[in-house]
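First up is the structure itself, then whatever we jot down about it.
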Amino acid sequence: MTQINKLKIFNDPIYGFITIPNELIYDLIQHPYFQRLRRISQMGLSYLVYPGANHTRFHHALGCMHLMKKAIDTLRFKDVVISEEEENALLIAILLHDIGHGPFSHAMEKSIVEDVHHEAISLLFMNQLNEEFDGRLSLAIQVFKGEYHRKFMLQLISSQLDMDRMDYLKRDSFYTGVAEGNVNSERLIQMMNVVDDVLVIEEKGIYSVEKFLLSRRLMYWQAYLHKTSLVAELILMKVLKRAKELTLKGVKLPCSEPLLYFMQNKITLEDFDAQNLDLFSQLDDFDIISALKAWQRNNDFILSTLSKMIINRDLLKIKLSADKIPMEESQSLKEEFAEAHNISALDAGYFIFRGKIKNQAYSKAAEPIRILKKDKTIEDVVEASDQLNLKSLSKLVTKYYICFPKQLI
């Protein structure tokens, strides 16, 4: 039998060449669970706003692994002891951190499965892979769950300055063309150190941290919470909710078997056994898009109209406001729309609805970004910074929205 060369190289438009560090990681990347990420878009429906934003979770996971390798090398250079086993655990944990994402990322969490977050599904996938790989992912799972005694390891995977955020800001900025998000991940990683098993950034890196937090805030307003991306995702959630509602009433809708299964059954985290996990692993963006294409011609007015909106990018109008939008405003629009289309006011709620979005670049309530001063003291970045804008970046900004059909304007 010919031996496969497993030490492959990927050519990444952001970092250049990404090397697969060992055979176990190669086998994990080759696994169908991971290959599925090639069919899950990184930014959901943002390509309706930014045509270049067609990159995938697969792309992002490899980028995170590459940055993690750089971080490990930097810390070792600064005499932080990281064993080969710990290095492997960090690389595997960051590689698999997003493996539980459903189609179009967050839309599934609130419509097809019952409030099951992707982190929980990622952990289920990791446990399943651990069985298949004879327990070789055990330490990675321990680190991912925050159960390992070396705290900085979890901070590299999940914190306010982790490899995940560093990659997605740089990658999403590149593919959308929103230059404000282009963070200097190389510089940030070079400034990392560990004191008492806690991750710190050396003082001379403070401006890079400030730029990183500012980039994050701008990317949220310009890309992730862009009002057109937002309304498209909200419509998708309404489509899936309507499809599930009709399916549970016995209406047969054309779609793939895995999608049909999740629409016919109420699946909570407790229901995720090996069979349900396997069915979930067969779901990707293609199931949703092909379903939407078929549902455009459905007899149900709500399902067909909403499906057409996404397929043809003829979306609802969305209005943002700093103040709460009064219920009376949406109520009168619902009544008007219901009368015009001969549907109930309740059904008009699929087309006219209110909500709110929040943006906070830095949370004081969460684990802080720690700055290691020259005198060896450690300070929260907000206190250490001489920039007043960092205090404003830690302020929670809430905006309210109302969505309604264009013909009601």
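Report, in whole Å, the centroid distance computed from the Cα atoms of segment 57-94 and segment 143-187.
One Cα centre to the other: 12 Å.
For the pair R313/R38, report the inter-label distance in nm, with labels modelled 7 Å from Cα in the Cβ direction.
Rounded to a tenth, the inter-label distance reads 2.6 nm.
Per residue, how many Å² of accessible area does segment 249-392 show with a 1.4 Å probe?
Value returned for segment 249-392: 56 Å² of accessible area per residue.
For K145 and Q275, what does the FRET efficiency come to when R0 = 30 Å and r is the distance between their Cβ atoms, rounded to the nearest 0.05? Could the numbers behind the result be given before it?
Working: r = 24 Å, r/R0 = 0.79.
With a Förster radius of 30 Å, E is 0.80.
Are there GluC sites (Glu not before Pro) in segment 99-182 that DSSP puts in a loop and that have at most 11 other Cβ atoms within 10 Å, and which ones?
Working: sites: E109, E114, E119, E131, E132, E147, E180; in loops: E114, E147.
Hits after loop and neighbour filter: E147.
How many nm is it between the label spots at T74 and Y207, if each spot is 7 Å from the Cα in line with the beta carbon?
In this crude spin-label approximation the distance works out to 1.7 nm.
Using only the alpha-carbon atoms, how far is helix 57-77 inclined from the longest principal axis of the chain? Give it as 0 to 90 degrees, nearest 10.
20
Can you give the Rg to Rh ratio of segment 1-151, both from alpha-carbon atoms, with Rh computed by the Kirkwood formula? Don't jump to the answer; show the numbers that get you there.
Values: Rg = 16.3 Å, Rh = 16.6 Å.
My calculation puts Rg/Rh at 0.98.
With the crude spin-label approximation of a point 7 Å out along Cα→Cβ, what separation in nm comes out for M327 versus Q264?
So the two model labels end up 3.8 nm from each other.
Compute from the Cα atoms of the chain the Rg and the Dmax, the latter being the longest Cα-Cα distance, and quote both in angstrom.
22.9, 72
Please compute, for the alpha-carbon atoms of segment 345-409, the extent along each of the three principal axes and give them in descending order in Å.
Taking the Cα atoms of segment 345-409, the three principal extents are 65, 20, 11 Å.
Per 10 Å bin, what percent of the C-alpha pairs of segment 292-337 does each bin hold, from zero upward?
So the P(r) values, bin by bin, are 24, 35, 32, 10.
Counting only other residues whose beta carbon sits under 10 Å from that of K266, what net charge do I get with K and R as +1, D and E as -1?
Details: positive: K244; negative: E114, D271.
Spelling it out: positives minus negatives among the neighbours equals -1.
Say we join alpha carbon atoms closer than 10 Å with springs in a Gaussian network model of the chain; which of A322, A120, A291 then has the biggest fluctuation?
A322
Which of the trypsin sites (Lys or Arg not before Pro) across segment 221-263 are loop residues per DSSP, with 12 or fewer other Cβ within 10 Å? Please list the in-between numbers first.
On the way: sites: K227, K238, K241, R242, K244, K249, K252; in loops: K249, K252.
Those that pass, being in a loop and sparsely packed, are K249, K252.
Taking θ as phi - 60°, what are the ³J(HN,Hα) couplings along segment 354-359 by the Karplus curve (6.51, -1.76, 1.60), each to the nearest whole Hz, with x for Gly and Pro?
Result, ordered by residue: 10, x, 9, 10, 10, 9 Hz.
Only Lys, Arg, Asp and Glu count, each charged at its Cβ (+1, +1, -1, -1), so figure out the dipole size of the chain about its Cα centre, rounded to 20 debye. Can you show the working numbers first?
On the way: 51 positive and 54 negative charges, 301 e Å.
Result for the chain is approximately 1440 debye, rounded to the nearest 20.
In terms of modelled amide H atoms, which long-range or inter-chain residues lie less than 5 Å from the amide H of V195?
Those qualifying (amide H under 5 Å, at least 5 residues apart or on another chain) are V200.
Nearest 10 degrees, 0 to 90: what angle lies between the long axis of helix 327-341 and the longest principal axis of the chain (Cα atoms)?
Taking Cα atoms only, the helix is inclined about 50 degrees.
The values are calculated or read from the model by the stated rules, or taken from the named source; none is laboratory data. Just so you know, these numbers come straight off a predicted model, no measurement behind them. Heads up, the Cβs are rebuilt from the backbone with ideal geometry, glycines too, and the neighbour counts pull from every protein chain shown. We work out accessible area using only protein heavy atoms, side chains counted, and drop any ligands, DNA or RNA first. Shrake-Rupley method; radii C 1.70, N 1.55, O 1.52, S 1.80 Å.
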